[in-house]
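So the structure is just underneath, and the comments pick up after that.
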Amino acid sequence: MKAMTDYIHAKGLKAGIYISPGPTTCAGYAGSYQHEGQDMRTFARWGFDFLKYDWCSYSRIEKERTREACMKPYQLMWNELQKVDRDIVMNLCQYGMGNVWEWGGTVGNCWRTTGDLGLAPGSSMPGFYYIGLSNAQHWEYARPGAWNDPDYILIGWIRNALKEEKFEKADLTPNEQYAYMSMWSLMAAPLIYSGEMSRLDPFTLNVLCNHEVIDINQDVLGKQAKIIGATKEELVLAKELEGGSVAVGLFSVSGNANSEIMDLVDDEADGLSDELKNNMNVVDNFVWDNTLVPKKMSIKASDIGITGKFSVRDAWRQKDLGEFENAFETEVPFHGVKLLIISAIK
C-alpha cells in the first residue's frame with residue numbers, strides 16, 4: 001500500500017482511501033468498528049491524504065438519528081486523526097443526517113449533504129442539478145477547512161454502481177457538464193473526479209482542468225455561493241472572491257429550480273428513499289419546450305453589491321467581455337451556464 005501511494009504521489013496526485021465506521025463497508029468488506037485508532041495509524045503510515053468515512057453498516061450499531069448519534073462515530077475517528085503525524089482530509093459520508101452541515105466542521109473537513117449523486121434520478125434536469133440545489137441551501141456553513149460536499153464529479157467514463165460496476169459514458173450533454181463543474185466550483189465543493197482516468201478524453205480534461213474555474217472553487221476566502229435567483233427557467237449563484245470580485249453562474253434550467261424534489265438520505269447506501277420515490281412530480285419529467293434554444297439572462301450589479309461600472313470576464317473561455325453599468329445580459333445555452341467573474345471598476 002505504501003508503494004502504491006508513493007506511485008500516486010509521483011504522478012502529482014493525492015491518494016484517498018475508503019472505509020466505514022461500521023463492521024463492514026457498503027461493499028461488504030471489513031470496516032473500522034472498534035479498530036478506529038489502529039486503522040487511522042495504518043492509513044497515515046501508508047501515506048494516504050484523504051479518508052472517506054462512509055456510514056454504511058453503522059446503522060446496525062446505531063438505530064437513532066439524533067445529532068449526538070450521528071456525530072459519535074465521526075468524532076471518534078476525528079480524535080484518532082489528531083494523534084497521527086500526517087495531514088489527512090476527513091470526509092464524512094453520512095448523507096446529510098442530523099443536519100450535518102451544522103456540526104460537520106467540528107469532526108471533519110467536509111461532509112456529504114445528500115445521498116449518492118450516482119443514484120439521483122433526473123427529470124426535466126439531470127440529477128446533479130437537484131443534488132446541487134439541495135447542497136446550495138447550506139452555504140452559510142461552509143468555511144476554510146470545512147466544506148459542504150454534494151458528491152463527486154461524474155463525467156466522462158464512469159462506473160455505474162447499479163450495473164455491476166461496468167463503465168459507461170456519462171449521459172450528459174457538453175453544456176450540462178460545464179454547468180456541473182461550474183455549480184460545484186461556485187459552491188466551494190471538494191472537486192473529486194470519480195471516473196476512469198485511463199479513458200480521459202480531451203473534452204473531459206477541458207471541463208476538469210480549466211484553471212480559472214478551479215481558482216473560483218479554491219478562492220482563499222472560502223465562501224460558498226449564495227442563490228440569488230431561482231425560477232422555473234433560471235438559476236443564479238454568486239460567490240464572493242478575494243479582492244472584491246464576484247463569481248456569478250447563470251444557469252438555464254428546466255422545471256422549477258426553486259424546489260427540491262428529494263430527501264436523499266440513503267438507507268444502508270442501497271437506493272433512494274421512499275420519500276424521493278413517492279414525491280416525484282411526473283409533470284416534471286417532460287421538457288415542454290423542445291427547441292432547446294439559448295436563453296437570455298441578466299445579472300444586476302445591485303444584486304451582487306456592486307455600484308457603478310464593472311468589468312465582466314468569461315471564466316470558461318478565459319476572455320474579457322468588456323465594461324458595463326447597472327446590468328449585464330448574455331445568452332445561456334439550454335441546461336448550460338455562463339460562469340462570469342465580475343469586478344467593480346474603481
In the range 310-322, is there at least one residue being loosely packed, with under 14 Cβ neighbours inside 10 Å, among the charged types (D, E, K, R) and at pLDDT below 50?
-> no
What is the one condition in (1) exposed (fewer than 15 other Cβ atoms within 10 Å of the Cβ); (2) of a type outside the set (Phe, Trp, Tyr); (3) within 21 Å of residue 335 (Cα to Cα); (4) at pLDDT below 95 that residue 229 does not satisfy?
-> (1)
For residues that are touching a Phe, Trp or Tyr at 6+ places or on another chain (Cβ under 8 Å) and of a type in the set (Ser, Thr, Tyr), scanning just the range 58-104, find the one that is farthest from residue 2 (Cα to Cα).
-> 95
Those residues of the range 293-310 which are part of a strand (DSSP E or B) and farther than 14 Å from residue 345 by Cα amount to 295, 296, 297, 298, 299, 300
Pick from the range 45-60, criterion more than 26 Å from residue 98 (Cβ to Cβ) and of a type outside the set (Asp, Glu), ranking: surrounded by the fewest Cβ atoms within 10 Å (Cβ to Cβ) | 45
Out of the residues in the range 311-334 that are in a loop (DSSP other than H, G, I, E, B) and among the polar types (S, T, N, Q), state the one that is farthest from residue 174 (Cα to Cα).
-> 326
Condition check for residue 42: touching a Cys at 6+ places or on another chain (Cβ under 9 Å) and surrounded by 12 or more Cβ atoms within 10 Å (Cβ to Cβ) = no
Those residues of the range 335-345 which are assigned to a strand (DSSP E or B) and over 13 Å from residue 301 (Cα atoms), in sequence order = 337, 338, 339
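Results for (1) surrounded by 22 or more Cβ atoms within 10 Å (Cβ to Cβ); (2) farther than 22 Å from residue 52 by Cα, shown as yes or no for each residue.
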residue: 96; (1), (2): yes, no
residue: 137; (1), (2): no, yes
residue: 149; (1), (2): yes, no
residue: 171; (1), (2): no, yes
residue: 187; (1), (2): yes, no
residue: 191; (1), (2): no, no
Taking the range 41-58 and keeping residues over 20 Å from residue 149 (Cβ atoms) and not β-branched (Val, Ile, Thr) leaves 41, 44, 45, 46, 47, 57
Quick one: in the range 74-94, which of the residues that are farther than 21 Å from residue 150 by Cα and touching a residue at least 40 places away in the same chain (Cβ under 8 Å) is surrounded by the fewest Cβ atoms within 10 Å (Cβ to Cβ)?
-> 85
Collect the residues in the range 232-275 that are out of contact with any helix residue (DSSP H, G or I) (no Cβ under 9 Å at 6 or more places or on another chain), among the hydroxyl-bearing types (Ser, Thr, Tyr) and modelled with pLDDT of 90 or more, keeping them in residue-number order.
-> 245
Could you give me the residue pairs with C-beta distances under 8 Å whose first residue belongs to the range 131-148 and is more than 11 Å from residue 101 (Cβ to Cβ), whose second residue is part of a loop (DSSP other than H, G, I, E, B) and among the β-branched types (Val, Ile, Thr) wherever it lies, and which are 6+ apart or on separate chains?
-> 131/114; 144/220
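The values are calculated or read from the model by the stated rules, or taken from the named source; none is laboratory data. Because the structure is predicted, anything quoted here is derived from the model rather than measured. So basically every Cβ, Gly included, is an ideal-geometry build from the backbone, and we count neighbours across all protein chains shown.
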